[in-house]
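Everything below concerns the one structure shown next.
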Amino acid sequence: MIDINQLSDQFSIDDHLAFRCNDNGMIAIDVDTEHASACIQLQGAHITKWEIHDQPDIIWLSDDAIFSKGKSIRGGIPVCWPWFGAHKSSTSLPAHGFARMVDWELIETRLINESIELVFCLKCSGDLQEMWPFSTELFYTISIGEKLELDLHTRNTGAIDINLSEALHSYFNVSDVRDIQLSGLDGCDYLDKLEDFRRKSQSGVIKINQEVDRVYLDTVSSCVIDDPGFKRRIMISKQGSKSTIVWNPWQETASKMGDLGDNGYLNMLCVESGNATENSVVLAPGEDHYLNVEYSVQMN
């Protein structure tokens, strides 16, 4: 049992960082800085809010999101780890891994200039080893301010190679997904999940007018969501990531999901930075892997 009072005593920062508990006993961390505010759930180290003051939310969270222990939350930035998508050999294991559905350990908070930085740790021991029988440590550093900076760090502490896939499954809030453009992936090959992972090539900017579920391969450049309705551009830059996943379920699939909200699909677009399918990561014993992502906003 996690003691919220102990967390508060050890990690609160006056006027900037505080803890609270919801009706289901889940602990949330509220962050406020000079430029932005945010909320992070201890379960999954899941960011459910990042908002620059006087702007619409940048991160989308479903109106019907369910906050329940051991269940994934619809929206925000789930951490997909140590596999992305369905498990390769067992249909009984959760899609996108277990990291987003278990409590992480908060190990440090600090105020650096005008940003708040939090460091979380997830050690794969006990019951988790039934799903992931490898010796690994996972660290996640979140820096909240005028930019949102994320650093997912995997360390192989065992004696054998491990193969993992991962993604920061970011849901972005848009005025109307039918009007936005996503640039930065022109000329990249992608696997189309809706056509049995058929390999295709992107031509020009991406526009959303139907269901989209794609894994873009060998991508290292930045992406930009141009949103004329909110009169802004969301910039997504990354390192240590070779895959970019683009997803919108559209109306028919969204209606079957149960937690996307009425017409929620019109106000969200997932642009995920990770290493998936052909870009999975092999870590030798003692080796580290870093996935770094930075989000920033430019008003038009």
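Just so you know, all these numbers are worked out from the coordinates, no wet-lab data involved. Since the structure is predicted, the reported quantities are computational estimates derived from the model, not experimental observations. Using ideal geometry, Cβ is built from the backbone for each residue, glycine included, and neighbour counts are taken over all protein chains shown.
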**Fill in**
Computed ³J(HN,Hα) along the stretch 277-287: with the Karplus parameters 6.51/-1.76/1.60, θ = phi - 60°, integer Hz and x for glycine or proline, the list is 6, 5, 9, 4, 10, 10, 10, 6, x, x, 8
**Request:** Please build a GNM for the chain, connecting alpha carbons under 10 Å apart, and tell me which residue among Glu272, Glu287, Glu166 fluctuates the most.
**Result:** Glu287
**Asked** So, in nm, how far is label Val220 from label Trp250 when the simple model puts each one 7 Å beyond its Cα toward the Cβ?
**Response** 3.4
**Net charge contributed by nearby residues that have their C-beta within less than 9 Å of Gly44 (K/R +1, D/E -1)** = 0
**Prompt:** Which chymotrypsin sites (Phe, Trp or Tyr not before Pro) from the stretch 176-251 combine a DSSP loop assignment with at most 15 other Cβ atoms within 10 Å?
**Reply:** Phe197
**Asked** Quick one: length gained pulling Gln210 to Gln298 fully straight, 0.36 nm per residue minus the C-alpha distance?
**Response** 29.0 nm
**Asked** Convex hull over the Cα atoms of the stretch 52-105, averaged projected area in nm²?
**Response** 5.2
**Message:** As an exercise, use a Förster radius of 51 Å and the Cβ-Cβ distance of Asp192 and Ala284 to find the FRET efficiency, rounded to the nearest 0.05.
**Reply:** 0.95
**Prompt:** From the backbone phi of the stretch 74-90, what are the Karplus-calculated ³J(HN,Hα) couplings (6.51 cos²θ - 1.76 cosθ + 1.60, θ = phi - 60°) in whole Hz, Gly and Pro given as x?
**Reply:** 7, x, x, 10, x, 9, 8, 5, x, 9, 10, x, 6, 5, 5, 10, 9
**Request:** Compare the Cα positions of Leu194, Gly25, Phe134 along the charge dipole of the stretch 4-299 (+1 at Cβ of Lys, Arg; -1 at Cβ of Asp, Glu; about the Cα centre) and return the one farthest towards the positive end.
**Result:** Leu194
**Prompt:** If you keep only loop residues by DSSP, which GluC sites (Glu not before Pro) in the stretch 90-163 have at most 12 other Cβ atoms within 10 Å of their Cβ?
**Reply:** Glu114
**Binned Cα-Cα distance frequencies in the chain - 10 Å width, integer %** = 6, 28, 37, 23, 5, 0
**Request:** Just subtract the alpha-carbon distance of Asn5 and Leu93 from 0.36 nm times their residue separation and send over the number in nm, one decimal.
**Result:** 28.3 nm
**Prompt:** About its Cα centre, how strong a charge dipole does the chain have in debye, to the nearest 20, once Lys and Arg get +1 and Asp and Glu get -1 at the Cβ?
**Reply:** 840
**Asked** To the nearest whole percent, what portion of all C-alpha pairs in the stretch 72-145 is separated by more than 18 angstrom?
**Response** 47
**Request:** Note down the nm distance, to one decimal, between modelled labels 7 Å out along Cα→Cβ at Met131 and at Arg199.
**Result:** 3.1
**Asked** So which residue, out of Lys123, Lys242, Lys88, gets the largest mean-square fluctuation from a GNM of the chain using Cα contacts under 10 Å as springs?
**Response** Lys88
